[in-house]
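Asker: Next up is a structure, given as structure tokens.
The values are calculated or read from the model by the stated rules, or taken from the named source; none is laboratory data. Remember, predicted model here, so these are calculated numbers, not experimental data. Positions of Cβ are backbone-derived with ideal geometry, glycine not excepted, and every protein chain shown enters the neighbour counts. These area figures cover heavy atoms from the full protein model, side chains too; ligands, DNA and RNA do not enter into them. Shrake-Rupley method; radii C 1.70, N 1.55, O 1.52, S 1.80 Å.
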Amino acid sequence: MAKAIAIVSGGMDSVTLAYLLHSEGYGLHLLSIDYGQRHRKELEYARLCAQRLNAEYNVVDLSGINVLLKGSALTDNTIEVPEGHYAAPNMGITVVPNRNAIMLAVAYAAAVAENAEVVAFGAHGGDHFIYPDCRPAFTEAFDQMQKLAVEGFGNPKLRLYTPFINSGKHDIAAIGTRLGVPFAETWSCYKGGEKHCGKCGTCVERKEAFQLAGVPDPTEYEV
């Protein structure tokens with residue numbers, strides 16, 4: 001059985017990714033990264049996903065890097081999480097510098113050690129506007145860089161797999177529904193409260209995804 005290392009945060013995109021990989025027959029090792037995010041509540045949902053899919057699971061503790069990731073509302077509790085749509089200019093404050101490159105480098109190291117064929121993460125087309133490390137140009141360049149970084153080691157077929165990179169979040173909602181993803185057991189909200197706030201960028205995007213996909217949204221929102 002081919003093996004996949006998947007970065008799973010616990011959100012609807014990455015959990016759907018895990019279910020997709022499972023449906024495609026991969027043996028799964030799910031990795032979550034604790035980088036000191038204020039919404040680390042999401043990691044609980046990643047663990048639940050791993051349990052449901054009977055997958056290996058690790059939380060990689062990089063929380064010490066938090067002191068270096070200044071200026072982001074996701075890592076600095078003194079900065080208020082902005083509300084509204086991702087297209088709004090104020091959403092730039094949610095960018096965590098080089099976050100995906102850091103996570104993917106860790107995942108590739110694990111993939112080489114475990115002879116995995118795939119490193120996967122759930123970046124999607126809706127992320128392109130605001131997050132440069134979710135765009136096709138980044139993923140293509142990172143894949144090429146890693147081929148050089150691990151040349152001669154690990155599985156010769158090792159590649160970066162981003163099945164949603166040109167899809168919208170509504171497509172992920174539809175795919176996840178088809179795969180039986182329990183979306184009520186995923187976490188998106190950047191504020192990390194008892195319920196999804198319903199107002200931050202990722203909550204607004206989550207609501208919109210279910211609406212556009214025409215599938216029920218099981219999420220409990222404060223607003």
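Asker: Tally the DSSP beta bridges in the chain and give the antiparallel ones as a percent, rounded to 5.
Answerer: Taking every DSSP beta bridge within the chain, about 5 percent pair in antiparallel fashion.
Asker: Binning every alpha carbon pair distance of the stretch 1-88 at 10 Å from zero, what are the percents per bin?
Answerer: 17, 40, 28, 14, 1
Asker: By how many nm would the segment from residue 141 to residue 70 lengthen if fully extended, with 0.36 nm per residue of separation less the alpha-carbon distance?
Answerer: My answer for the length gained is 23.0 nm.
Asker: Calculated from DSSP H runs of 4 or more alone, at -39500 (n - 2.57) each and per residue, what is the 222 nm mean residue ellipticity of the chain, nearest 500?
Answerer: Computed mean residue ellipticity for the chain: -11000 deg cm²/dmol.
Asker: How much length is gained on full extension from residue 195 to residue 115, taking 0.36 nm per residue of separation minus their Cα-Cα distance?
Answerer: Here the segment from residue 195 to residue 115 would lengthen by 24.9 nm.
Asker: Per the 1.4 Å probe, what fraction of the accessible area of the chain, in percent, lies on carbon and sulfur atoms?
Answerer: Carbon and sulfur together cover 54 percent of it.
Asker: Going by average Cβ density within 10 Å per residue, which order do the peptides 16-22, 174-180, 28-34, 65-71 take, highest to lowest?
Answerer: For the peptides 16-22, 174-180, 28-34, 65-71, the packing ranking is 16-22, 28-34, 174-180, 65-71.
Asker: Here's another thing I want to ask about it. Before anything else, pin down the relative contact order of the chain: Cα pairs under 8 Å, at least 6 apart, normalised by residue count, whole percent.
Answerer: Reported as a whole number, the value is 24 percent.
Asker: For the stretch 24-129, with every protein chain kept in place, what is the accessible area per residue (1.4 Å probe, Å²)?
Answerer: On a per-residue basis, 43 Å².
Asker: May I ask you to work out the translational diffusion coefficient for the chain at 10 °C, viscosity 1.306 mPa s, via Stokes-Einstein with Rh from the Kirkwood sum over Cα pairs, reported in whole µm²/s?
Answerer: D = 90 µm²/s.
Asker: When you count, for each residue, the other Cβ atoms within 10 Å and take the mean per peptide, how do 142-151, 158-167 rank with the highest first?
Answerer: The peptides rank, most packed first, as 158-167, 142-151.
Asker: Between the alpha-carbon centers of the stretch 1-70 and the stretch 120-196, tell me the distance in whole angstrom.
Answerer: One Cα centre to the other: 11 Å.
Asker: Can you compute log10 of I(q)/I(0) for the stretch 169-223 with the Debye formula, treating each Cα as one identical point scatterer, at q = 0.29 Å⁻¹?
Answerer: Taking Cα atoms of the stretch 169-223 as identical point scatterers yields -1.23.
Asker: Right, next: Binning at 10 angstrom from zero up to the longest distance, how are the C-alpha pair distances of the stretch 55-141 distributed in percent?
Answerer: 14, 40, 35, 11, 1
Asker: Let me ask you something else. Using a Cα-Cα cut-off of under 21 Å, which lysines could be cross-linked to residue 147, ignoring same-chain neighbours fewer than 8 residues away?
Answerer: 3, 157
Asker: As a test of understanding, state the convex hull volume per residue of the stretch 116-190 from its alpha carbons, in Å³.
Answerer: 122
Asker: Right, something else. What lysines sit close enough to residue 199 to cross-link, taking a C-alpha to C-alpha distance under 25 Å and skipping anything fewer than 8 places away on the same chain?
Answerer: Excluding near neighbours in sequence, the set is 41, 70, 169, 191, 207.
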